[in-house]
1. Which Cys residues of the chain have no other Cys Cβ less than 4.7 Å away and so no disulfide-compatible partner by this rule?
2. Regarding region 128-253, what are the three Cα extents along the principal axes, ordered largest first, in Å?
3. Exposure proxy check: Ile31, Ile9, Ile294 ranked by fewest other beta carbons within 10 Å?
4. Roughly what % of DSSP beta bridges within the chain run antiparallel, to the nearest 5?
5. Using helices alone, what [θ] at 222 nm do you get for the chain, with -39,500 (n - 2.57) per DSSP H run of 4 or more residues, divided over all residues and rounded to the nearest 500?
6. Starting with the highest mean, order 210-217, 118-125 by the number of other Cβ atoms within 10 Å, averaged over the residues of each peptide.
7. How long are the semi-axes of the equivalent ellipsoid of region 190-266, taking √(5λ) for every eigenvalue λ of the Cα gyration tensor, in whole Å from largest down?
8. Quick check: the distance between the Cα centres of region 274-290 and region 23-88, to the nearest angstrom?
Amino acid sequence: MQPSLYIHIPFCVKKCGYCDFYSGVAGDADIDRYIAALDRELALMVPQGLAPATVFIGGGTPTRLSAGQLQQLGQVLGRHLDLSAGPEFTCEINPATLTPAKAKALAQMGVNRASMGVQSFDPHFLRELDRAHEAGTAEAAIAMAREAGIARLSVDLMFALPGQTLPQFEADLRQALALGTSHVSLYALTFEDDTTLTRKLQLGQVQPCPEDLERAMFEAAGRICGQAGLHRYEVSNFAVPGQECRHNLVYWTLGDWIGIGAGAHGMLDGTITANPKDFRAWCEALEAGRLAAIGQSAMRPQERAEALLLMGLRLVQGVELARFRAFAGADFTALCGQAAGRLVELGLLEFTPTHVRCTEQGLLVLDSVVVELASDLEVRA
Ligand code: SF4
């Protein structure tokens with residue numbers, strides 16, 4: 001299978017209070033320069049005419065680009081890629097920044113799946129998160145995407161927000177589902193270093209969500225999505241059968257993808273590439289005719305095994321044992337059979353003829369399951 005393609009657009013309208021992604025505010029001239037550098041990086045990184053398995057434009061806020069800039073980006077992609085097979089092609093959309101002209105430019109580029117960064121429908125929480133959009137904007141943006149012909153819709157929601165109650169979270173989720181979304185991604189709020197929200201936490205102005213409430217929200221999500229016909233296929237992702245995000249499945253199974261853009265990562269056969277999180281340095285390198293990648297590292301066998309467990313056990317179907325053997329270079333039971341046995345006895349892990357996976361209980365304590373398995377790897381390394 002051909003690799004997937006990830007394109008990072010590190011520009012936003014403003015910085016959200018909780019965000020530590022590589023993103024920032026920039027003017028149109030910087031964005032024009034960035035698109036030209038994407039063209040150069042694609043020429044250097046991607047075999048001409050590549051037909052990627054999936055494409056994902058993320059950020060940042062890809063829809064910070066003007067309609068004209070999105071058209072330019074579409075032309076750039078058209079020069080390097082063969083998208084004639086209509087691969088899954090997702091673009092992250094910040095509802096505040098979408099216009100009918102931008103939605104049309106995205107659809108013309110080949111985007112057929114919109115990942116809407118709604119986060120909440122509640123005006124109070126949108127303000128608390130410093131989100132750029134207001135209540136009601138999300139519904140309008142979803143209508144624009146549909147009108148342009150972008151058929152698949154995923155909604156991102158955050159939960160475990162400071163002061164959020166279980167009924168408030170459930171109301172957000174029901175509202176997302178009422179829009180006819182076929183996919184929901186949930187993100188528990190985390191307090192990242194050096195963000196406005198963390199400073200508020202340090203000043204005692206906000207309180208973190210209690211752990212038992214966060215767990216209750218996690219369980220409610222499974223129940224409410226299930227009633228709407230969306231099954232949990234990854235610990236925080238729900239989809240109508242057949243509408244799972246194929247691009248993210250590449251990440252969770254440590255498949256191959258090429259990462260383009262400042263701050264983007266890629267992975268080809270267990271070798272990770274990393275671009276600098278500095279769009280000017282990244283542009284300068286490409287303008288000088290060379291790749292800007294700051295690192296390329298081949299994972300050692302133990303790292304391969306650990307990474308595959310870390311990502312793959314997030315999936316409800318778990319890690320395919322044959323894939324583990326091919327990627328890590330050894331049988332799962334040979335590498336961590338003892339720890340797995342302990343976890344099976346505790347009811348946290350189970351085997352099928354083809355996979356090893358977390359039980360429902362195991363998914364609730366996923367981090368501990370992975371740590372236990374990884375400890376076995378260390379002993380054997
Ligand atoms: S829009 Fe997304 S990437 Fe940009 S600041 Fe907000 S959370 Fe971060």
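1. So, Cys12, Cys91, Cys209, Cys225, Cys245, Cys283, Cys336, Cys358.
2. 46, 30, 29
3. The order, fewest Cβ neighbours first, is Ile294, Ile31, Ile9.
4. 40
5. Taking each H run of at least 4 residues, the total per residue is -13000 deg cm²/dmol.
6. Ranked by mean Cβ neighbours within 10 Å, highest first: 118-125, 210-217.
7. 29, 24, 8
8. Between the Cα centre of region 274-290 and that of region 23-88, the gap is 15 Å.
All of the numbers you see were taken from the coordinates with simple rules; none came from a lab. Computed from a prediction, not measured in an experiment: that's the story for all the values here. Please note: Cβ atoms are built from the backbone with ideal geometry, for glycine as well, and neighbour counts cover all protein chains shown.
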